[in-house]
Amino acid sequence: MTRLASGLRAVVAAALLAAFAFALIGPLANLALWSVAERWYTPYKLPVSYGLRYWAQVFRPTGDAMASLGTSVWIAVLTVVVALALSIPAGYALGRLRLPARSVLMVLFLLPQAFPSVAIYINVARIFYDLGLNGTVLGVVLVHAAHGLVYSVWITAAAFAAVDKELELAARNLGAKPFHVFLTVTLPLAAPGILASGIFVFLESLDEFTGTFFVGVPQVTTLPLLLYSAAMGGNYQIASITALILLVPSVLFMLFIERFLRADVLSRVGG
């Protein structure tokens, strides 16, 4: 009975692992299959013919995909700059200073997640239209930055809170001025958390669709908007290739985190 029970547990564990692997890899495999399918229709379970014709169409110099990717990356970079410019001083104040109603202020940064995004972006689009920001890169960056602050402020506040105050006091005792202490002690020690915050904001901006749709269309076209248009038009090959392209920055950033931001460093962010 013991051997039978062990065998059953092994079978169940293998089945659960296989189901998890299928749920994780299955959608990616389907995207990869669609990206090389030149003809695929019912009742065939696999593509009738394979080729790279749609890849060549996406990467041709006159195509929209590369221009949309460039726009997406540029907007994401600007979003990171704006978000960090706001979250670094805010994170320092929330993480190092004794502010009244600090917990309330921290919760306020979560409010954008508390309401349906469509309703928020419709009203933002109306306001931006009056301000002349609709259909501009600046308008899209502001929307992305407002959304990214949810992650950026919390992570940077935790990063600054994890810095040992004794190190700052030691620098002050040696004659360093407060701003010099911040630049040479506090900021470098909090840098891993700030970098992680910037990465999260970048990836969030790169994949953002709803805010870009309401504020940027039709003048600003990012890769998620191109993916949406291709999918709605029934061009699943272009949509799949676009989705695979969107995966590349995420994978590269995850490899960067694994290579340069060790677990023991990141563990201090929430300390």
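The values are calculated or read from the model by the stated rules, or taken from the named source; none is laboratory data. Values in this document were obtained by computation on a predicted structure and should not be read as measured data. We place every Cβ from the backbone using ideal geometry, glycine too, and count neighbours over all the protein chains shown. We work out accessible area using only protein heavy atoms, side chains counted, and drop any ligands, DNA or RNA first. Shrake-Rupley method; radii C 1.70, N 1.55, O 1.52, S 1.80 Å.
When only residues in the stretch 35-67 that are among the β-branched types (Val, Ile, Thr) and open to solvent by 50 Å² or more (accessible area, probe 1.4 Å) count, which is nearest to the chain's Cα centre (by Cα)? Taking the candidates together, the pick is Thr62. When Gly91, Gly95, Gly70 are checked against the criterion of being modelled with pLDDT of 85 or more, assigned to a helix (DSSP H, G or I) and surrounded by 13 or more Cβ atoms within 10 Å (Cβ to Cβ), a single residue qualifies: Gly91. What do you reckon, is Ala162 in contact with a Lys or Arg (Cβ under 7 Å, 6 or more places away or on another chain) and touching a residue at least 12 places away in the same chain (Cβ under 8 Å)? It is true that Ala162 is in contact with a Lys or Arg (Cβ under 7 Å, 6 or more places away or on another chain) and touching a residue at least 12 places away in the same chain (Cβ under 8 Å). The criterion of at least 2 residues that are over 21 Å from the mean Cα position of the chain (by Cα) and either more than 18 Å from Ile75 (Cα to Cα) or of a type in the set (D, E, K, R) (or both) is met by the following helices (runs of 4 or more DSSP H) wholly inside the stretch 160-228: 165-173, 178-181, 187-207. Residue check: is Ala191 small (Gly, Ala, Ser), surrounded by fewer than 19 Cβ atoms within 10 Å (Cβ to Cβ) and either over 18 Å from Val82 (Cβ atoms) or out of contact with any helix residue (DSSP H, G or I) (no Cβ under 9 Å at 6 or more places or on another chain) (or both)? It is true that Ala191 is small (Gly, Ala, Ser), surrounded by fewer than 19 Cβ atoms within 10 Å (Cβ to Cβ) and either over 18 Å from Val82 (Cβ atoms) or out of contact with any helix residue (DSSP H, G or I) (no Cβ under 9 Å at 6 or more places or on another chain) (or both).
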